[in-house]
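Every number here is computed from the coordinates shown, using simple stated rules; none is lab data. A quick note: this is a predicted structure, and the numbers were derived from the prediction, not measured. When we count neighbours, we look across all protein chains shown, and the Cβ atoms used for this are built from the backbone with ideal geometry, even at glycine.
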Amino acid sequence: MVRLTTIKDVARRAGVSPTTVSATFNGSAPVSEALKARVRAVAEELNYRPDPLARTLRRGTTTTIGFVVPDVAIPWASHLARAVQRALAERGYTMLLASNEDDPNRELQDIAVMTDNRVAGLIVAPTSHGIDYAERLTLAVRCPAVLVDRVVAPDHFDAVVDDNALGGLLIANYLHRLGHRRIGFLVGRSGISSSDERHIGLRDALAHLRIPLDPQHVRHGIHTVEGAYCAVQDIMSNRQRPTALVCLSNPSVRGAMAGLLNMGLRVPEEVSLASFDGYNPPEGWSPQITCLQQDAVTIGEHAVELLLGRIAREEPSHSETIRVKPRLFIGTSCRNVRNSSL
């Protein structure tokens with residue numbers, strides 16, 4: 001068994017007390033620069049590393065932030081995790097990541113474990129499932145926290161999310177300019193803020209352009225590849241098909257493309273496709289999907305700033321929701337149907 005170097009080993013080799021070694025690494029007491037250099041040299045020679053958990057227990061504080069996401073394999077979640085980690089590192093903090101496969105019970109367990117391990121705060125991309133979800137989340141979070149991507153209990157939690165109303169407007173205006181008047185929509189699960197806001201944003205923007213969403217061309221609760229695969233074939237089986245389809249997420253894009261391919265329908269030649277979710281499948285996939293691109297860097301920066309502000313303040317303040325503007329990426333999945341027979 002390999003024996004780990006202890007603080008006493010370093011103190012003995014450097015000819016100082018364990019208290020001096022501790023003060024060298026955590027600044028708990030003044031130590032001359034010459035003595036610090038000697039202690040650090042010995043620590044490096046013996047491969048000694050301070051125990052962060054022990055330091056946390058002694059000082060009652062930590063520089064670790066927990067980041068909880070539904071599924072880190074989803075592109076937007078991995079991009080956001082990277083942005084948050086970078087923003088934290090620039091401020092001297094480390095990130096502890098947990099991914100729960102979109103399971104609210106596992107999410108609450110992850111939050112409990114992180115809280116028990118005394119993280120300084122939490123950034124959570126909430127699963128948002130269940131009628132009592134907001135109450136359960138509020139009870140589970142026992143440290144400063146900021147939500148990203150979705151709004152839950154806005155009177156209790158700060159949140160940094162996409163400007164989904166603007167996203168709906170950008171997509172609606174673009175399809176309108178291309179001459180589309182029959183538009184299908186694969187709507188996500190109701191009760192989740194991002195899904196509801198995207199639905200309302202696109203619906204209202206189209207209504208302003210005098211393009212009502214035909215109920216025959218809309219399917220609700222679509223959040224998986226399989227669900228989108230079936231829904232798009234159902235929509236496109238109508239005698240009067242939509243000339244364009246709008247998807248809510250990356251899984252619905254993949255399912256929609258597979259469903260259209262199964263029907264022998266080509267994108268964009270026979271139907272155009274746009275998405276609220278801006279992370280396309282691997283490079284080389286054709287066509288490139290016209291989509292909204294989330295500004296993950298700005299979301300990460302805002303989330304970290306809000307959270308560290310919460311940690312620094314002793315007195316509670318009013319919660320805040322920040323909406324970050326997405327941009328519309330024009331791919332090759334939509335075509336101009338003005339003067340077309342479609």
Quick one, can you get me the convex hull of the C-alpha atoms of segment 122-228 expressed as volume per residue in Å³?
116
Square roots of five times the Cα gyration tensor eigenvalues for segment 164-294, Å:
19, 17, 15
Summed side-chain charge close to residue 183 - residues other than residue 183 whose Cβ falls under 12 Å, Lys, Arg +1, Asp, Glu -1:
+3
Mean separation of Cα contacts under 8 Å (6+ apart) over length of segment 164-294, as relative contact order %
25
Once you charge only the Cβ atoms, +1 for Lys and Arg and -1 for Asp and Glu, what is the size of the charge dipole of the chain about its Cα centre, to the nearest 20 debye?
640
Explain nothing, just the number: dipole magnitude of segment 7-50 about its Cα centre with +1 on each Lys and Arg Cβ and -1 on each Asp and Glu Cβ, in debye rounded to the nearest 20.
80
Restricting to Cα pairs below 8 Å that are 6+ residues apart, what does the relative contact order work out to for the chain? Please round to a whole percent.
16
Mean-position separation - Cα centroids, segment 62-82 and segment 131-202, in angstrom:
18
Cleavage-rule hits, trypsin sites (Lys or Arg not before Pro), segment 224-268, DSSP coil, Cβ neighbours within 10 Å at most 15:
239, 266
Expressed in nm to one decimal, what extension gain is obtained for the pair residue 265 and residue 63 from 0.36 nm per residue of sequence separation less their Cα-Cα distance?
67.4 nm
Neighbour-count order for 308, 245, fewest beta carbons within 10 angstrom listed first
308, 245
Suppose we keep just the alpha-carbon trace of the chain; what are its Rg and Dmax in angstrom?
25.6, 88
